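The values are calculated or read from the model by the stated rules, or taken from the named source; none is laboratory data. Nothing here was measured: the structure is a model prediction, and the numbers come from that model. When we count neighbours, we look across all protein chains shown, and the Cβ atoms used for this are built from the backbone with ideal geometry, even at glycine.
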């Protein structure tokens, strides 16, 4: 093979390789062009979406700017209204304006009671006052004050309940001061509550009002609802509170939800003819109201014109020395059969009616109401009776105490609850209130007979009616 032939063969090979390379380049260029066209299409789609989002963003920015302008305008209006309110000389401040007041002078060792309208306060013996400076007062003026209210809104929500409209308010005062800086305390310096009795509809309650300022004319400015108060609903519109330890205001509000009493009442007992013909004095149950008492919580029960209040911390010591934390307490209203009159200090006293306490159905001096340390503690009794029935109405001044009843002992309790026999043991002191009297010394579940003087009948003998002669003295002693 000559050189010329070899050259032709090489040329042919080069041409073939070139053609193959050209074809590869063409194929690659076509693929790249295709991908480019696809990417360009996607880019155009994304650009279209971007323009749409940009348009929406511009719309939102316009709305935001409008809302911001409205907010600034409203804020300016609010600041203007706030400024007007602050410059209105306190016109919208809550106000409690005094409209009535009743005051009593208290000797802490003796106790006292005072009434204003539908509110009765009982200051038990041993109730002192601790002042803001730490001084303890043995004597002080205690007042109940009624208030007209202005600019006081609805109560706040409490336990999913609230929004109750206010009606009016009342407060306690010590020496004319309404202030949470004062505290009612016992001899040990521990808080001792004022017993408060209120007649009000079963749909009412109260809230404690704090944060006020007392002006020189007695008006209370400012303040707020602090917390709702706990009341014991006894019956017939009578409520009792034994938690108030400071002279502050309380606002009556309408809840719309009636309270339910916890008292269980029993029917009367009629003594049989055998008992009546014995001619012994008999105290027969007429009506009985019973409550179950948790000693740490206390309770109250009413029967007829009598109200018994068992303050928290009242336990029962049985005749065997057992201490009862829970017990059934009964207030027993009694009729007097074969009555015996009382000849005391040349004055005749005639029995009106009697009542007794009972513990677990037992009327017995073997039981004693005691506090947590075991010392006797009284159950408070309020009798809605005119005090004038128990002292000479011709007296120039009404006494602070009267002998309205005598303790009756020496009886035998029959199975039906009738008390057979007995005698007048000693006189009972009662604090004098406005159309009511209060006893704060009864520490035993025994009977007491209300007696009233028969004016104009002196030195009657036993030939005219059965009598018993006793010497009058105040005592809480029992056999």
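Things to note:
- Criterion violated by residue 339 - all others in (1) farther than 29 Å from residue 200 by Cβ; (2) surrounded by 15 or more Cβ atoms within 10 Å (Cβ to Cβ); (3) modelled with pLDDT of 90 or more satisfied: (3)
- Scan of region 308-329 for residues that are part of a strand (DSSP E or B) and over 23 Å from the mean Cα position of the chain (by Cα), ordered by number: 316, 317, 323, 324
- Every listed requirement among (1) modelled with pLDDT of 95 or more; (2) farther than 11 Å from residue 363 by Cβ is met by residue 419 save one, (2).
- Some residue of region 291-305 being in a loop (DSSP other than H, G, I, E, B) and under 17 Å from residue 406 (Cα atoms): no
- Of all residues in region 430-446, those satisfying the criterion of being more than 12 Å from residue 112 (Cα to Cα) and either in contact with a helix residue (DSSP H, G or I) (Cβ under 8 Å, 6 or more places away or on another chain) or part of a strand (DSSP E or B) (or both) are 435, 436.
- Among (1) touching a residue at least 24 places away in the same chain (Cβ under 8 Å); (2) assigned to a helix (DSSP H, G or I) - the single one residue 388 does not satisfy: (1)
- Test: residue in region 449-464 that is part of a loop (DSSP other than H, G, I, E, B), modelled with pLDDT of 50 or more and touching a helix residue (DSSP H, G or I) at 6+ places or on another chain (Cβ under 9 Å): no
- Residues that are free of Cβ contacts under 8 Å to residues at least 60 places away in the same chain and either within 17 Å of residue 96 (Cα to Cα) or surrounded by fewer than 19 Cβ atoms within 10 Å (Cβ to Cβ) (or both), drawn from region 198-216: 201, 202, 203, 206, 207, 208, 210, 211, 213, 214, 215, 216
- Residues in region 296-328 that are without any contact (Cβ under 8 Å) to a residue 40 or more places away in the chain and buried (at least 18 other Cβ atoms within 10 Å of the Cβ): 1 in all.
- Any hit, region 338-346, residues being over 34 Å from the mean Cα position of the chain (by Cα) and either closer than 19 Å to residue 414 by Cα or free of Cβ contacts under 8 Å to residues at least 60 places away in the same chain (or both): yes
- A single member of 111, 117 is assigned by TED's automatic domain parsing to the domain that holds residue 193, at pLDDT 95 or above, within 23 Å of the chain's Cα centre (by Cα) and more than 27 Å from residue 217 (Cα to Cα), and it is 111.
- Residue match in region 258-279 (condition: surrounded by 13 or more Cβ atoms within 10 Å (Cβ to Cβ) and either modelled with pLDDT of 95 or more or over 26 Å from residue 334 (Cβ atoms) (or both)): yes
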